[in-house]
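Accompanying notes for the structure given below.
The values are calculated or read from the model by the stated rules, or taken from the named source; none is laboratory data. These numbers come from a predicted model, not from an experiment. Because the Cβ atoms are built from the backbone with ideal geometry, glycine has one as well, and the counts that use them run over all protein chains shown. With ligands, DNA and RNA removed, areas are computed over all heavy atoms of the protein, side chains included. Shrake-Rupley method; radii C 1.70, N 1.55, O 1.52, S 1.80 Å.
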Amino acid sequence: MNKLMSSDEIFSSSNIRTFESNQKITNESTLYPNLSKDLTKHIDSINLNVNKTKEYNNLLRIVINSAGGLIWNDLCSINEDFSMELCKFLIYLRQLMRHSLAVCIITLPNEVVQNKDLLEKFSHLSDYTFLLDDSSRTTSRLTNTQYDGLFRLTKLPRLNSLSSCFTPETLDLAFYVKKKRLIVEQMHLPPDIDENDDSQKGRTNSSVTMSCSSSTSSGSHKLDF
């Protein structure tokens, strides 16, 4: 049976932790080093490091919002020379995830996504990348559907292999919001059929008739006998 839980019950039963840093921010320092130390310490404290324990009963979900943005004192969107700090963090995070029962999802702000050089660099250091496309051009194609935008898979994981272990039927999925939930599924668009298109109806302008009389009219096609 399904049991509805209040938001307070869900919050109290969940082990939710946020990152807080007391680091003094300067123009040349980011918060990524402190975040790396905090993640490592927390994974060890809940026994999810596969190198230090053999008893696993949980999975850690990590969410990092707006990486590369000013919220992390990261100026890579203004000057690409600052992107090295985030690259170092992604390399360390990738190695940490390999030895932990944890998954991490990272979102990028628009100013980083619109920079192709930065987006390609950060995607190369990630296992799995996807793009939410809800631009006006895309939504105009989805007018008569329930979808709010496209969910594009731009990179599939290649773990301990030269090729992807799983390739879906299509890399272009669609998403829509239903009761505060993000639903992602394979896109099914209705057929685009023009009712006035004679080719769809199997009709042509010329007609073939049969008659017993002869005719010299050039405008008709008759079979005379």
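Cβ-Cβ distance of residue 120 and residue 66, R₀ of 22 Å, FRET efficiency by 1/(1 + (r/R0)^6): the value works out to about 0.70.
Here the translational diffusion coefficient of the stretch 25-145 follows from Stokes-Einstein with Rh set to the Kirkwood radius across Cα pairs; for 25 °C and 0.890 mPa s it amounts to 152 µm²/s.
If I take R0 = 25 Å and measure r between the Cβ atoms of residue 18 and residue 181 in this structure, what FRET efficiency does the formula 1/(1 + (r/R0)^6) give, to the nearest 0.05? If you can, show how the numbers build up before the last one.
Working: r = 23 Å, r/R0 = 0.90.
So, using R0 = 25 Å, E works out to roughly 0.65.
Residue separation of residue 153 and residue 88 scaled by 0.36 nm, minus their Cα-Cα distance, works out to 21.0 nm of gained length. Label positions at residue 44 and residue 98, each projected 7 Å from the Cα along the C-beta direction, are separated by 2.0 nm.
Subtracting the Cα-Cα distance of residue 52 and residue 132 from their residue separation scaled by 0.36 nm leaves 25.1 nm. For the stretch 117-159, rounded, prolate or oblate, judged on the Cα gyration tensor with a ≥ b ≥ c (square roots of eigenvalues), a/c < 1.5 rounded, else prolate if a/b > b/c? Note, shape of the stretch 117-159 comes out oblate.
On a per residue basis, the stretch 1-114 carries 73 Å² of accessible surface, using protein heavy atoms and a 1.4 Å probe.
Using the Cβ-Cβ distance between residue 172 and residue 80 with R0 set to 30 Å, the FRET efficiency works out to roughly 0.50. Were the residues from residue 59 through residue 139 laid out at 0.36 nm apart, the gain over their Cα-Cα distance would be 25.2 nm. Taking amide hydrogens as placed 1.01 Å from N in the peptide plane, the amide H of residue 62 sits under 5 Å from those of 103, 104, 105, each at least 5 positions away in sequence or on another chain.
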